[in-house]
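Reviewing the structure listed below.
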Amino acid sequence: MNLPNPNELLAQLAAVIKPTLTANTVLVGMHTGGVWAADYLQPLLDSHMPHGSLDISFYRDDFERIGLHAQVKPTHLPFEVEGRDILLIDDVLYTGRSVRAAMNALFDYGRPAQIRLAVLIDRIGDRQLPIAADFVGAALPVPAHQHIHLVRDTQLQLALKLVDIS
């Protein structure tokens, strides 16, 4: 499968998202790929837009089964969540469970006015929860034995990688 260039997808997303922004909008990237995507999007959308990062490790519904992920990152929300328009960024939307966990985490910080979801890749099929992105870079069918990962190299360049899990 030939994967699209994530920088091109992020530029396309920015063009679609930008007209919908309000003065009340804040950007929140989900660790880890969503944070990388948000870092790229923020200057394209509005360099002064408040932005933060969200770790959902403790909000996952499989936490008790799989335990704590070894790479827990800090949540950093340098703004009030209460009453804000949240633009939540994730790299790949698959089952919807990570987005559900992110919404639960956000509500622990306050009640947003709204949450809109932007994803680099919407993985077609296998959704387990009724969650859909408001903004999608690309929708791709991916075989069940593979995952798509957003990776970042030492020069901070983004790439999409297809990984066999079987």
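Numbers below:
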{"read-out": "Lys/Arg +1, Asp/Glu -1 at C-beta; the chain dipole; positive extreme among Ala23, Val142, Ala105", "value": "Val142"}
{"read-out": "Over segment 6-164, relative contact order from alpha-carbon pairs under 8 Å, at least 6 apart, %", "value": "23"}
{"read-out": "Packing-based exposure ordering (other Cβ within 10 Å, fewest first) of Ile148, Ile86", "value": "Ile148, Ile86"}
{"read-out": "Ranked Ile131, Ile165, Ile121, Ile17, criterion: other C-beta atoms within 10 Å, fewest first", "value": "Ile165, Ile131, Ile17, Ile121"}
{"read-out": "Beta bridges per DSSP with both ends in segment 6-164, % antiparallel, nearest 5", "value": "25"}
{"read-out": "From phi via Karplus (6.51, -1.76, 1.60), per-residue ³J(HN,Hα) for segment 153-166 in Hz, x at Gly/Pro", "value": "8, 5, 8, 6, 7, 8, 8, 9, 10, 8, 10, 6, 10, 8"}
{"read-out": "Length added when fully stretched, Val16-Asn104, from 0.36 nm per residue minus Cα-Cα", "value": "29.0 nm"}
{"read-out": "Whole-Hz ³J(HN,Hα) from phi, Karplus 6.51 cos²θ - 1.76 cosθ + 1.60, for segment 25-40, glycine and proline x", "value": "7, 10, 9, 10, x, 8, 4, 9, x, x, 5, 4, 5, 5, 4, 6"}
{"read-out": "Ellipticity estimate at 222 nm from DSSP helix runs (n ≥ 4, -39,500 (n - 2.57)) divided over the chain, nearest 500", "value": "-7000 deg cm²/dmol"}
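No value in this document is a laboratory result; all are computed from the given coordinates. Remember, predicted model here, so these are calculated numbers, not experimental data. Neighbour counts are summed over all protein chains in view; Cβ atoms, including those assigned to glycine, are modelled from backbone coordinates with ideal geometry.
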